[in-house]
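The values are calculated or read from the model by the stated rules, or taken from the named source; none is laboratory data. As the structure is a prediction and not an experimental result, all values here were calculated from the model. For neighbour counting, all protein chains shown are included, and Cβ atoms are generated from backbone atoms with ideal geometry for every residue, glycine included. Areas reflect the complete protein model, heavy atoms only, side chains present, ligands, DNA and RNA absent. Shrake-Rupley method; radii C 1.70, N 1.55, O 1.52, S 1.80 Å.
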Amino acid sequence: MIGLLLPLAGLEARLVQLQILSPGKYAASVQTRRSLEIAEPARGRILDRTGKVLAEDRPAYDLYLVLDEFEKSPEATATLAETLGLAIEEIENGVVRIYDRIQAQVNRRPKHERLKILARERKAPYLLERDIPREAAFRIETNATKHPGSVVREGLKRHYPGGASAAHL
């Protein structure tokens, strides 16, 4: 009987030490492992009866902006427009659309929470451009100092080699 209770008493003593006597020692590790990331599953290929591909997934790169970092650099808009091959006005219009989305979220909250929500949302990534060219995505990722606040996320895009004829699949 004592042979069974002795290991349990040692285990309980260790739990008391970890949870009550020195709880802060491992608190940082608990915080770092909590994250949520939504990953879209691959939809797979669709083949006809002869093995010809009707629909498949292709890699796609989406560009997100973190406004708090992006606006710290005055030349960020011009550099990003040059990398993407877009006009500066297109980037500026995209930033305005992001601000409109943030403002809509802020306006739905009570007045005493609005400044905190605005500060939080300026640090969150918002979609600026979908399906950017692969070369541009690699340039943005490898030159992070030239593109502050720019985040590239890889996803999947549905591709139909036969055009609209197989889109219903």
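Data overview
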read-out: Radius 13 Å from Cβ of R122, net charge of other residues (Lys, Arg +1; Asp, Glu -1); value: +2
read-out: Test item: Cα-centred dipole of region 20-161, Lys/Arg +1 and Asp/Glu -1 on Cβ, debye; value: 840 debye
read-out: Contour minus Cα-Cα distance for L8 and A42 (0.36 nm per residue); value: 7.5 nm
read-out: Neighbourhood charge, 12 Å Cβ-Cβ cut-off, centred on E141 and excluding it, Lys, Arg +1 and Asp, Glu -1; value: +2
read-out: Per residue accessible area of the chain, 1.4 Å probe, in Å²; value: 74 Å²
read-out: Rg(Cα)/(2.2 N^0.38 Å) for the chain, N = residue count; value: 1.61
read-out: Relative packing of 151-160, 13-22, which averages over residues the other C-beta atoms within 10 Å, highest first; value: 151-160, 13-22
read-out: The chain: DSSP helices with Cα axial extent of at least 18 Å and average Kyte-Doolittle hydropathy no lower than 0.5; value: 2-16
read-out: Straight-distance crosslink candidates among lysines, where the alpha carbon sits under 28 Å from K72 and sequence neighbours closer than 8 are dropped; value: K111, K116, K123, K146
read-out: Normalised contact order of the chain, rounded percent, pairs of Cα under 8 Å and 6 or more residues apart; value: 35 percent
read-out: Whole-number Å³ per residue for the convex hull built on Cα positions in region 37-84; value: 91 Å³
read-out: Carbon + sulfur, % of accessible area of the chain - ligands and nucleic acids excluded, 1.4 Å; value: 55 percent
